Amino acid sequence: GFIDLFGDSAETVFLWRGWIHRAAGVSVTAVCLYHLGYVVLTAEGRSWAMDMLPRWKDAIDLFQNLGYMIGLRASRPKMERFYYLEKLEYWSVYFGMFIVIVTGIMMWTEYLWPKFYLDVAGAFHLGEATLAALAIIIGHIFSVHYNPHVYPMNRAFIDGMISEDLMKEEHALWYERETAKAADPDNGATRHE
């Protein structure tokens with residue numbers, strides 16, 4: 001495709017491929033920095049980040065859910081706003097983006113580094129990119145699009161909203177807390193009688 005677009009000169013193709021890759025790297029870095037700013041600088045973002053932190057309940061939910069899936073439990077555990085798989089995927093992306101961004105900057109500024117460091121950075125950059133692509137293709141796309149209870153897709157990525165039925169099924173504790181808050185006329189405020 002690049003040869004058809006830019007001609008048959010390997011040098012030209014290599015040059016354009018490199019600049020397109022760098023532009024994509026700058027874009028993804030900007031998105032990561034924007035998200036980091038959101039979770040640090042806004043109240044909503046801090047609340048979101050606090051809900052995304054791993055807790056002991058996640059480990060308990062994991063084992064109880066495994067028990068449910070193999071028939072040792074009659075029901076799934078009640079999950080919070082984010083359950084263990086969502087937290088694992090989120091923090092994996094953060095860790096992976098850190099590796100890809102740092103190694104990408106190292107390779108872009110190759111004149112600053114000894115060859116050994118660049119070889120290590122290249123291996124980590126390629127390895128993390130491959131791992132991320134496989135995780136997206138195998139795990140994320142199935143859970144968001146092809147899982148039978150959300151097929152053809154979970155629309156939350158479009159509008160940030162989750163259906164009440166899906167919320168009850170996948171995030172029962174969060175659903176119960178939110179409906180209790182909505183039913184409370186003081187909306188969670190302390191009552192003085």
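The values are calculated or read from the model by the stated rules, or taken from the named source; none is laboratory data. On a predicted model such as this, the values are computed, not experimentally measured, just so you know. All Cβ positions, glycine included, derive from the backbone under ideal geometry; neighbour counts span all protein chains shown. We work out accessible area using only protein heavy atoms, side chains counted, and drop any ligands, DNA or RNA first. Shrake-Rupley method; radii C 1.70, N 1.55, O 1.52, S 1.80 Å.
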Read phi for every residue in the range 111-116 and hand back ³J(HN,Hα) as whole Hz from Karplus 6.51 cos²θ - 1.76 cosθ + 1.60, θ = phi - 60°, with x for Gly and Pro. 5, 8, 10, x, 4, 4
Cα-based helix-to-principal-axis angle, 10-41 vs the chain, degrees rounded to 10: 30 degrees
Mind checking the per residue accessible area of the range 41-153 for me, 1.4 Å probe, whole number of Å²? 70 Å²
Given a Förster distance of 25 Å, the FRET efficiency implied by the Cβ-Cβ spacing of ARG46 and PHE157, rounded to the nearest 0.05, works out to 0.70
In whole percent, how big is the carbon plus sulfur part of the accessible area of the chain, probe 1.4 Å, protein atoms only? 69 percent
How large is the accessible surface of SER143 in square angstrom, using a 1.4 angstrom probe and rounding to the nearest 10? 50 Å²
Using only helices, what value at 222 nm comes out for the chain when you add -39,500 (n - 2.57) per DSSP H run of length 4 or more and divide by the total residues, to the nearest 500 deg cm²/dmol? -21500 deg cm²/dmol
Ranking LEU72, LEU41, PHE157 by how far each Cα lies towards the positive end of the charge dipole of the chain (+1 on Lys and Arg Cβ, -1 on Asp and Glu Cβ), the top one is LEU72
Using a 1.4 angstrom probe and counting only protein chains, how large is the accessible area of LEU36 in Å², to 10? 80 Å²
Using per-residue counts of other Cβ atoms within 10 Å, averaged over each peptide, order 109-116, 43-50 from highest down. 43-50, 109-116
